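Engineer: Structure incoming, see below.
The values are calculated or read from the model by the stated rules, or taken from the named source; none is laboratory data. Computed from a prediction, not measured in an experiment: that's the story for all the values here. Cβ placement follows ideal geometry from the backbone for every residue including glycine, while neighbour counts extend to all protein chains displayed. Heavy atoms of the whole protein, side chains included, go into the accessibility calculation; ligands, DNA and RNA do not. Shrake-Rupley method; radii C 1.70, N 1.55, O 1.52, S 1.80 Å.
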Amino acid sequence: MGYLNNNTGYANDLLATRAVIKKNNFAILPPDGLVKNVVPGFENCDLTILSSPQLGATFVDYLITLHDGGNNRAGFGGEEIETFFYVISGQVTVEADGQRHSLSAGGYLYCPPGTLLKLENNNQGKDSQGFLYKRKYQPISGYQPHLVVSHRDKLEKVHYEGMENVIVEDLLPKDLGFDMNFHVLTFSPGASHGYIETHVQEHGAYILSGEGVYNLDNNWIPVKKGDYLFMAAYVPQACYATGRGEPLSYIYSKDCNRDIAL
């Protein structure tokens, strides 16, 4: 993307983008091309809708910037909708089931279906940024999810599939009441997946730090901090971390613990 002329708003170069959109397959959305969406209930916020059913996802991901006074006091979610919020930067007060929590960067909240998620910026007049998710919950008899409020500092750091230079953090419980999970996967520079993965689960991923190259449907594509990736079911996928010292780290969702309906 060319540099912007601050006086006119026009680019000083040819219009170009790193975005790649393959509906029902995969997508990469760099921050330069993101647009703001008006969503009822969000006040003084910049909200971008990332993945959605229009792209081929069964969930909706959002990137949200809460300005001074930014909030959703009306509540986000619904009777059959589960929601998740992760703080990328700043300080955000969240409320669910009448309980209020102050979350800093790395903090997160999961709300089960029927529990509304309320947000309010609490960053001393400065912006806060977060990653927001919603999905229709798939119930099974005898199990149900519960409210989760935590921070990455409290999570166990596990060597991903036994690799010392790749760490995975599980943000939600693994019990059958949960039909999805969020993870943070972190690759040291030079690290990679052990193989090209192909599976029924779909992902929405936001890159928190670093840079690398990602294989999506056998296309190696450069990615870096601030990029968003969508990976549909069965798309071949893997990555290498590159860069000069900062690890490649991203948060991503994964559907789990359910059979396939016919």
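Engineer: Tell me, which residue of the range 123-133 that is open to solvent by 60 Å² or more (accessible area, probe 1.4 Å) and in contact with a Gly (Cβ under 8 Å, 6 or more places away or on another chain) is nearest to R258 (Cα to Cα)? Lay out the reasoning, then the answer.
Structural biologist: To start, the set of residues in the range 123-133 that are open to solvent by 60 Å² or more (accessible area, probe 1.4 Å) comprises 124, 126-127.
Still in the list and also in contact with a Gly (Cβ under 8 Å, 6 or more places away or on another chain): 126-127.
Values: K126: 41, D127: 38 Å.
Going through the qualifying residues, I end up with D127.
Engineer: For the range 162-234, please list each of the strands (runs of 3 or more DSSP E) lying entirely inside it that holds at least 1 residues being crowded, with 18+ Cβ neighbours inside 10 Å and over 14 Å from the mean Cα position of the chain (by Cα).
Structural biologist: So the answer is 166-170, 180-187, 211-216, 219-224.
Engineer: Sticking with this one: Among the listed residues G245, G226, G204, G210, identify the single one that is on the phi > 0 side of the Ramachandran plot and in contact with a Leu (Cβ under 7 Å, 6 or more places away or on another chain). I'd like the intermediate steps shown before the answer.
Structural biologist: Numbers: G245 fails: in contact with a Leu (Cβ under 7 Å, 6 or more places away or on another chain); G226 fails: in contact with a Leu (Cβ under 7 Å, 6 or more places away or on another chain); G204 fails: on the phi > 0 side of the Ramachandran plot.
Being on the phi > 0 side of the Ramachandran plot and in contact with a Leu (Cβ under 7 Å, 6 or more places away or on another chain) holds for just one of G245, G226, G204, G210, which is G210.
Engineer: Is one or more of the residues making up the range 240-253 hydrophobic (A, V, I, L, M, F, W, C), touching a strand residue (DSSP E or B) at 6+ places or on another chain (Cβ under 6 Å) and closer than 24 Å to K134 by Cα? Show your work before the answer.
Structural biologist: Filtering the range 240-253 for residues hydrophobic (A, V, I, L, M, F, W, C) gives 241, 248, 251.
Narrowing the set further to residues that are touching a strand residue (DSSP E or B) at 6+ places or on another chain (Cβ under 6 Å) leaves 241, 248, 251.
Okay, now just the ones that are also closer than 24 Å to K134 by Cα, so 251.
Checked against the condition, which is being hydrophobic (A, V, I, L, M, F, W, C), touching a strand residue (DSSP E or B) at 6+ places or on another chain (Cβ under 6 Å) and closer than 24 Å to K134 by Cα, the range 240-253 yields at least one hit.
Engineer: I'd like the residue in the range 134-157 that is part of a strand (DSSP E or B), within 20 Å of the chain's Cα centre (by Cα) and among the aliphatic types (A, V, I, L, M) and, out of all such residues, is surrounded by the most Cβ atoms within 10 Å (Cβ to Cβ).
Structural biologist: Of the residues in the range 134-157, the ones part of a strand (DSSP E or B) are 134-136, 140, 143, 148-151.
Of the ones still in play, those that are also within 20 Å of the chain's Cα centre (by Cα) are 134-136, 148-151.
When the remaining residues are screened for being among the aliphatic types (A, V, I, L, M), the result is 148-149.
On the way: V148: 17, V149: 14.
By that ranking, first place goes to V148.
Engineer: Return the residues of the range 74-87 that are under 13 Å from V39 (Cα atoms) and outside any loop (DSSP other than H, G, I, E, B); say none if nothing qualifies.
Structural biologist: Within the range 74-87, the first condition is being under 13 Å from V39 (Cα atoms), and the residues that meet it are 74-77.
Answer for the range 74-87, where residues must be under 13 Å from V39 (Cα atoms) and outside any loop (DSSP other than H, G, I, E, B): A74, G75, F76.
Engineer: Something else: How many residues does the range 143-176 hold that are on the phi < 0 side of the Ramachandran plot and either small (G, A, S) or in contact with an Asp or Glu (Cβ under 8 Å, 6 or more places away or on another chain) (or both)? Break it down stepwise before answering.
Structural biologist: Keep residues of the range 143-176 that are on the phi < 0 side of the Ramachandran plot, which gives 143-160, 163-176.
Those still in the list that are either small (G, A, S) or in contact with an Asp or Glu (Cβ under 8 Å, 6 or more places away or on another chain) (or both) too: 143, 145, 147, 150, 152, 155-158, 169-170.
The number of residues fulfilling the criteria is 11.
Engineer: So in the range 86-116, with the set limited to residues that are among the hydroxyl-bearing types (S, T, Y), without any contact (Cβ under 8 Å) to a residue 60 or more places away in the chain and under 15 Å from S150 (Cβ atoms), which one is most open to solvent (accessible area, probe 1.4 Å)? Talk me through it step by step, then tell me what you get.
Structural biologist: Here is the first cut: in the range 86-116, the ones among the hydroxyl-bearing types (S, T, Y) are 86, 89, 93, 102, 104, 108, 110, 115.
Checking which are without any contact (Cβ under 8 Å) to a residue 60 or more places away in the chain leaves us with 89, 93, 102, 104, 115.
Cutting the leftovers down to under 15 Å from S150 (Cβ atoms) gives us 102, 104.
Details: S102: 68, S104: 44 Å².
The qualifying residue most open to solvent (accessible area, probe 1.4 Å) is S102.
Engineer: Could you grab the pairs with beta carbons closer than 7 Å, sequence gap of 6+ or different chains, first residue in the range 164-175 and at pLDDT 95 or above, second one among the aliphatic types (A, V, I, L, M) and open to solvent by 40 Å² or more (accessible area, probe 1.4 Å)?
Structural biologist: Going by the 7 Å Cβ cut-off, the qualifying pairs are I167/V158; V168/V158.
Engineer: With (1) out of contact with any Ser or Thr (no Cβ under 7 Å at 6 or more places or on another chain); (2) within 25 Å of Q138 (Cα to Cα); (3) free of Cβ contacts under 8 Å to residues at least 60 places away in the same chain; (4) open to solvent by less than 10 Å² (accessible area, probe 1.4 Å) as the list, and S51 as the residue in question, which single condition is left unmet?
Structural biologist: All conditions pass for S51, except number (3).
Engineer: For Q144, all conditions in the list (1) of a type outside the set (D, E); (2) closer than 21 Å to V60 by Cα; (3) in contact with a Pro (Cβ under 8 Å, 6 or more places away or on another chain) hold save one; what is the number of the exception?
Structural biologist: Going through (1) of a type outside the set (D, E); (2) closer than 21 Å to V60 by Cα; (3) in contact with a Pro (Cβ under 8 Å, 6 or more places away or on another chain) one by one, Q144 breaks only (2).
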